[in-house]
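*Asks:* Sharing a structure below in C-alpha cells format, with a few things to ask.
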Amino acid sequence: MSRNIFLKRHFVTLKWRFNFLKRRLIFAFLLLASFIAFSQQNETNISSYISSIEDAELDDETKATMIEDLYYLLEKPCNLNIATDYQLSLIGLDASQIRNLKLYIKNSGQMLSIYELSVINGFTDEVIEQIKPFICAYPVEKQPPLRLDSIFRKAKHEFRTQYREIVEDSYGYTRGDKGYMGDKFATNFRYNLNYFDRLSFSITADKDAGEPFFDSLQKYGYDSYSIQLTLKKIGIIEQLTLGDYRLNFGEGLAIGQFFDLGHFNNNAQIKRKTNGIQPYRSITEYGFNRGLATQIRVKDFDLYLFGSYNKIDYSGSILTTGYHRTLSEIARKDSNSDALFGLHLNYVLNNFEIGGTWLGYCYKYPISHQNSEYQKDYFTGYNNNITSLNFNYRYRKLLVFSEVAMSKNQALASIFGLEVLFDYKTNLSVSYRDYGKAFQNFYSSAIGTQSNNANEKGVYAAFTHRINKHWHYYLGVDVFHFPHISYRAAEAVTGYKAKAELVFEPNERHLFSVHYRLNNRPYNETHDNGKVYPEDNILNQVQVKYDLHPLKWLTFNVRAGYGFTNTYKNDSLSGFFSLIEAIYTHPLEKLKINIRYAFFNTDNYDNRFNVYEYNLPLNFSTVALYDKGQRAYLNIVWKINKHISLSARYAITIYSDKQEIGSGNDKIDGNKRQDIGCQLHFKV
C-alpha cells in the first residue's frame, strides 16, 4: 500500500512539473525568438492613425476591436471597386471622400489603379500615401468560384500568437483563499483564412492573466473562443455569416456594434457611415452576437435577418469584464444566456435612404440592478424588444439624418442631425438628441454622455476647416442635460464638453499641434448645511505635440500637457506630464524600434492624462498617467521575411509617491510595475 501511495504522489508531482513546464515553454520560445528578430510591415501607417483616436469618445475595448479590423485590412487590402463604407471609413476616409470615390467609379467605371485617386476631389498625395497599405484596385468581372479545390489553392492564411505578463506578483497570486486560480501570463492566438472577397474564416482564443489554463478548472485551455465563417455574393445573398458577428443599423439606437469615431472626431462628422453585418475576429469577450446573419439584396432593397444565442456572465446584472480568475468569477462565467433575433429592411433611391429595424432579445434568468435611485428606470426582467426607423437624405453638400427608436415599455429615444461638407476637410455638423428616461436597450450605442442611451438631452455642434495644406483646426461643443437623477447626481443637471485643436504642418518633416479639452459634468457634493446636491466639476487640459522627421528612418515625438480641475471644495488640483519618443524604422521596413520616456506629476486621478502608446500589433494601449512618477518602454519589431515577423515589448512605471500600486487582488507591493510581451506572426 505504501509503495502505491509513493508512486501516486510521484506521478502527481511529475504531472504538476510537466504542466508548469508546458506553460513556460510558450513564453520561452516566443521570448527567445523575439530577441533573435522582430517587425511588422507598415506598422507606422497603423500606429499614426491609431494615435489620432486616443481622445475619441470610445472605450478601450471598442478601440481594440477597431485596431484588429485595421490590421485585417493590412493583410487583406480592400478593393476600392467593391469596398464597403465600413472599410473605407475604417482606414480614415470621411463621408465626402467616400461619396466622391463612389461617384467616380459610377461615372468612369471600375478603377484599374489606386493612383486614379489623385484625380478625385479630396484625395491628396498625403491621403493616398496614408491609405495605400490598406487598398488595392482591380476590375471585378468574374467572381472566383466557391469550390474547395480553388479555395485550397488560392486562399491566404494568417496566424498570430501573443504572450504578455506583469513581472511583479500582485496580491491575487500570493493570497491563499480568494486569489487568482491561474498563472499570471496572458496569451491569445488568431487564425484567419481569406479567399478573395468571397470567403473568410477565423478562429480566435484568449486567456487573461490569472485565468486557469489547461487544468481542472479550464480543461479546454483558453478561457474564450470565437469562430466565424462568412460567404459573399451567392445569388441574391450578398452576405451570409455563421458564428460570431456584429451589427449596425441607422445611428445605433436600435443596435450599434461597429467601430465609429463618435462625436468629437476631428472630421467634425457625426452621421454613422455604415450599415450591415461585420464578421467578429476580436479577442474581446463581449459586444458581439453568436449565431447567423444574412443580407439579401433585391434591386434597391436590402433585407437583413439575424439570430443569436450567446452565453453571458451574470450576477443578477450582466457582467462585461471578461475576467474569470477567481472562484467567484469562474462561477459567474456563462451563467445566463441571451437570445437575440430580428430584421432590418433598407431602401436606397439616389440620395435618399430609409430603413426600419425590429429586434427582440430575452434572457434565461431575469436582469436586475443595484438598488440605486438613478437605476430605477433601467431594464429589468426577462425580455425586451426594440423598433426603430431611420433615414438620411443628401442634397448636394447637405446631409440630413435621423433615427427614432422605441423600447418595449413604449419609451422613445431619438436623434436628429445635419452635416454640411463645404470642401475637403471643411465640415459643419449639428445634432440634437432626446433619450427618454425609461428608454431601455442593451444594444444601443448612439452618441451620448452616459453609458446608456437614456435620461439625456443634448446639442452637439462641430466645425473643422482646412485653411491650406499647412494649417487646419477643429472646434466642437456638446451641451447635455440629464432631466432626472443620474449617476452621482441627486437631481437634474446640465453640463458641457468642448474640444479644440490647431495643427500646423509647414513641411513633411515638422508637425505642431495644440489640443484643448474642457469637461464639466456636475457631481454630488456635501455642503456645509449637510445637504447633498450636484456642483460643477470642471476639468481643463491643454496638450502640445511636436513631431520631427529629420531623416526618413528617424522620428522624434515630443509631447507635454497641463490640466487643472475646479470643484466646489477645491480649485487647486492640477497635473502635468511630458514625454519624448524616438522611432527608428529600417529603410526596407525590416526593423522598427520605439523608445519612450515620460514624466508625470498630478494631484489626483481626476487630473490624469490618457496617453496612447505603441504596443504589440493588434493591441490598443492607452496608459493613464496620474500621481507622481516616470514611465518608459521599448518596442522592437523585426520582419524576418515575407512570411514571419516577431515583436517584443518591455515597459516600466516607477512611482515616487507610493509604495504599493493598485488595490484588491491587483495590488502590487512596491513602487514599480513592469510589463513584458511578445508576438509571433506568420502568413502565407
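*Asks:* Check Asn604, Asn610, Asn641, Asn615 and return the single one that is buried (at least 17 other Cβ atoms within 10 Å of the Cβ) and not aromatic (Phe, Trp, Tyr).
*Replies:* Asn615
*Asks:* Does Pro133 fit the bill of being at pLDDT 95 or above, surrounded by 15 or more Cβ atoms within 10 Å (Cβ to Cβ) and within 30 Å of Ile676 (Cβ to Cβ)?
*Replies:* no
*Asks:* Would you point out the residue of the range 488-500, among those that are of a type outside the set (Lys, Arg) and within 24 Å of the chain's Cα centre (by Cα), that is farthest from Gly448 (Cα to Cα)?
*Replies:* In this case the residue turns out to be Ala500.
*Asks:* Read through the list (1) in contact with a Lys or Arg (Cβ under 8 Å, 6 or more places away or on another chain); (2) among the hydroxyl-bearing types (Ser, Thr, Tyr); (3) touching a residue at least 40 places away in the same chain (Cβ under 8 Å), then give the number of the only condition that Tyr138 fails.
*Replies:* (1)
*Asks:* Turning to a different aspect of this structure: Can you say whether Ile270 is β-branched (Val, Ile, Thr), touching a residue at least 60 places away in the same chain (Cβ under 8 Å), outside any strand (DSSP E or B) and closer than 30 Å to Arg517 by Cα, as far as the supplied structure shows?
*Replies:* The answer is yes for Ile270.
*Asks:* Return the pair list, or none, for Cβ contacts closer than 6 Å from residues in the range 432-448 that are closer than 15 Å to Phe249 by Cβ to residues that are of a type in the set (A, V, I, L, M), at least 6 apart or on different chains.
*Replies:* Note: pairs meeting the criteria are Asn441/Ile386; Tyr443/Ile255; Ser444/Leu253; Ala446/Leu253; Ala446/Ile415.
*Asks:* Are there any pairs, at least 6 apart or on different chains, whose C-beta atoms fall under 7 Å, with the first in the range 638-651 and assigned to a strand (DSSP E or B) and the second among the charged types (D, E, K, R) and surrounded by 20 or more Cβ atoms within 10 Å (Cβ to Cβ), and if so, which?
*Replies:* Ser645/Lys639
*Asks:* Would you say Leu618 is part of a loop (DSSP other than H, G, I, E, B) and either closer than 29 Å to Val503 by Cβ or in contact (Cβ under 8 Å) with a residue 60 or more places away in the chain (or both)?
*Replies:* So Leu618 passes the test.
*Asks:* Further, regarding this structure: Filter the range 453-497 for residues that are in contact with a helix residue (DSSP H, G or I) (Cβ under 6 Å, 6 or more places away or on another chain) and either part of a strand (DSSP E or B) or of a type in the set (A, V, I, L, M) (or both) and give the result.
*Replies:* Ile485, Ser486, listed by residue number.
*Asks:* Which of the residues that make up the range 551-573 are over 29 Å from the mean Cα position of the chain (by Cα) and over 30 Å from Asn641 (Cβ atoms)?
*Replies:* Answer for the range 551-573, where residues must be over 29 Å from the mean Cα position of the chain (by Cα) and over 30 Å from Asn641 (Cβ atoms): Asn566, Thr567, Tyr568, Lys569, Asn570, Asp571, Ser572, Leu573.
*Asks:* Name the residue that is surrounded by the fewest Cβ atoms within 10 Å (Cβ to Cβ), counting only residues in the range 102-124 that are in a helix (DSSP H, G or I), in contact with a helix residue (DSSP H, G or I) (Cβ under 7 Å, 6 or more places away or on another chain) and not polar (S, T, N, Q).
*Replies:* Filtering first and then ranking leaves Ile114.
*Asks:* How many residues does the range 621-636 hold that are at pLDDT below 90 and surrounded by 20 or more Cβ atoms within 10 Å (Cβ to Cβ)?
*Replies:* Residues in the range 621-636 being at pLDDT below 90 and surrounded by 20 or more Cβ atoms within 10 Å (Cβ to Cβ): 1 in total.
*Asks:* Which members of the range 498-531 meet the condition of being part of a loop (DSSP other than H, G, I, E, B) and either of a type in the set (Ser, Thr, Tyr) or under 30 Å from Thr555 (Cα atoms) (or both)?
*Replies:* Matches in the range 498-531: Glu508, Arg509.
*Asks:* Could you tell me whether the range 172-194 includes any residue that is buried (at least 20 other Cβ atoms within 10 Å of the Cβ), touching a strand residue (DSSP E or B) at 6+ places or on another chain (Cβ under 6 Å), in contact (Cβ under 8 Å) with a residue 24 or more places away in the chain and farther than 21 Å from Thr65 by Cα?
*Replies:* yes
*Asks:* Going by what's in this entry, would Leu539 be described as surrounded by 16 or more Cβ atoms within 10 Å (Cβ to Cβ), at pLDDT 95 or above and aliphatic (A, V, I, L, M)?
*Replies:* Considered against the rule, which asks whether it is surrounded by 16 or more Cβ atoms within 10 Å (Cβ to Cβ), at pLDDT 95 or above and aliphatic (A, V, I, L, M), Leu539 comes out as no.
The values are calculated or read from the model by the stated rules, or taken from the named source; none is laboratory data. Here the structure is a predicted model, which is why all the values come from computation and not from measurement. Virtual Cβ from ideal backbone geometry, glycine too; neighbours counted across all protein chains shown.
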